[in-house]
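What follows is a set of notes on a single structure, which appears directly below.
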Amino acid sequence: MTFATAKPSSLLDSCRQQEPAMLDLLRRMVEIESPSDDKAGVDQLGKLLAAEFERLGGKVTFHPQLASGNHLQAEFPGSAGKPILLLGHFDTVWPQGTLKSMPFRVEGGRAFGPGIYDMKAGIAMMLFALRALHSAGASHRPVTVLLDTDEEVGSTTGRPLVEAVAKECEAVLVLEPSQGPQGYLKTARKGVGDYTLRVRGRASHAGVDFEKGHSAIVELSRQVLEVAKFTDLARGITVNPGVIQGGTRTNVVAAEAWAEVDIRIARAADARELEQKFAALRPIDPGCSLEVSGGLNRPPMERTEGTVRLFCLAQEHAAALGLALDEASTGGGSDGNFTSALGLPTLDGLGAVGEGAHAANESIVLSALPQRTALLACLIQSL
Ligand SMILES: [Zn+2]
């Protein structure tokens, strides 16, 4: 076999020929449910994926975990240079048993199923892009595939591994879903974090001893109004008290109340200021105590020069494939946030075109699948 550069059109042809095989693999992937908190399910899917990557000549390593599924790494040799990292996750937000009400099905040019868009299709695309390159005898850098298993719950165990592996790589291509019906790539993502505000007051009988009580609910309400003021839409900062609980009965002055707050920032430089604001919160009622915990857990993925370079390259390849491609920023985080924060050129949203991530209509557009897979193959080849 001679090593050469494969034409975009021939990579596209090859991906189109593989469409039935790709759909079959996707069905098998979706039918193994893999919620983040179900180690057995995630590990079962990991085994299927390992076999697929090995069949392509990849060297597979599992990184064993106690609570979450084992993370999967697959390495493919290449011509020279540092590897390209293909990054993703194979856990989903869907609880075990979702398949009963949301079975894998193909209808109206779409394939449906839990986790298909976010992001089992992205993993199938990795496999078939590599397959297209191999069968064309195309030369490329070494490729490292890294799939973690707790991305949907904050990548607690995935993060250190993602960072360690990414540091050895040239660039990072993230196969998370693309954005919107046009399938925009993601060149910026907000940083994400959360805080818990916990107030302890003093309980008393609301009728007999009202004045002896210190209401944790009233105090927490004041604190919630305070943190809501931290939102600054012009700077891309949002603070959302999303969960609130407290009290026991209407005739008791509430002794305890707590709230969980989601925070998003567009620029890393804003992290410190927001942290300081949360740290500076003090109880307004001196009879109450306030405990503030939490912080940023994903730094923002900023639109760096390296990321823009990758996007422009993707746009050129897309044009050669007859595809108009644009970019977008999103408030949602991914493991791409970690690699970008390390200074690595990171291009995200290279996965499926579709809709309904984390929603009952989760589905992918089938006609876009071979095109986007060929686009990924072109990118790997040209980097
Ligand atoms: Zn995802």
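Total residues in the stretch 1-42 satisfying the condition of being in a helix (DSSP H, G or I), crowded, with 21+ Cβ neighbours inside 10 Å and either free of Cβ contacts under 8 Å to residues at least 60 places away in the same chain or of a type in the set (S, T, N, Q) (or both): the figure is 1.
If you go through the stretch 343-364 and pick out every residue that is more than 14 Å from the ligand (Cβ to nearest atom) and either of a type in the set (Gly, Ala, Ser) or in contact with a helix residue (DSSP H, G or I) (Cβ under 6 Å, 6 or more places away or on another chain) (or both), you end up with 8.
Based on this model, can you work out whether residue 304 counts as closer than 19 Å to residue 264 by Cβ, hydroxyl-bearing (Ser, Thr, Tyr) and touching a helix residue (DSSP H, G or I) at 6+ places or on another chain (Cβ under 8 Å)? So residue 304 passes the test.
Got a number for residues in the stretch 182-206 being farther than 26 Å from residue 306 by Cα and touching a residue at least 60 places away in the same chain (Cβ under 8 Å)? Adding up the residues that qualify gives 9.
A quick yes/no check of all residues on (1) of a type outside the set (Gly, Ala, Ser); (2) within 16 Å of the ligand (Cβ to nearest atom); (3) under 16 Å from residue 146 (Cβ atoms):
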site: 55; (1), (2), (3): yes, no, no
site: 70; (1), (2), (3): yes, no, yes
site: 81; (1), (2), (3): no, no, no
site: 90; (1), (2), (3): yes, yes, yes
site: 112; (1), (2), (3): yes, no, no
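Considering every residue within the stretch 216-230, establish whether at least one is over 17 Å from residue 333 (Cα atoms) and either part of a loop (DSSP other than H, G, I, E, B) or within 16 Å of the ligand (Cβ to nearest atom) (or both). Checked the stretch 216-230: at least one residue is over 17 Å from residue 333 (Cα atoms) and either part of a loop (DSSP other than H, G, I, E, B) or within 16 Å of the ligand (Cβ to nearest atom) (or both). Among residues of the stretch 247-259 being in a strand (DSSP E or B) and surrounded by 16 or more Cβ atoms within 10 Å (Cβ to Cβ), the one that is nearest to the chain's Cα centre (by Cα) is 259. Across the stretch 153-190, the number of residues qualifying as crowded, with 21+ Cβ neighbours inside 10 Å, within 16 Å of the ligand (Cβ to nearest atom) and outside any loop (DSSP other than H, G, I, E, B) comes to 8.
Every number in this text was worked out from the coordinates using simple rules, so none of it is lab data. As the structure is a computational prediction, the values presented were derived from the model and not from experiment. Every residue, glycine as well, gets a Cβ built from its backbone with ideal geometry; the counts of neighbours run over all protein chains shown.
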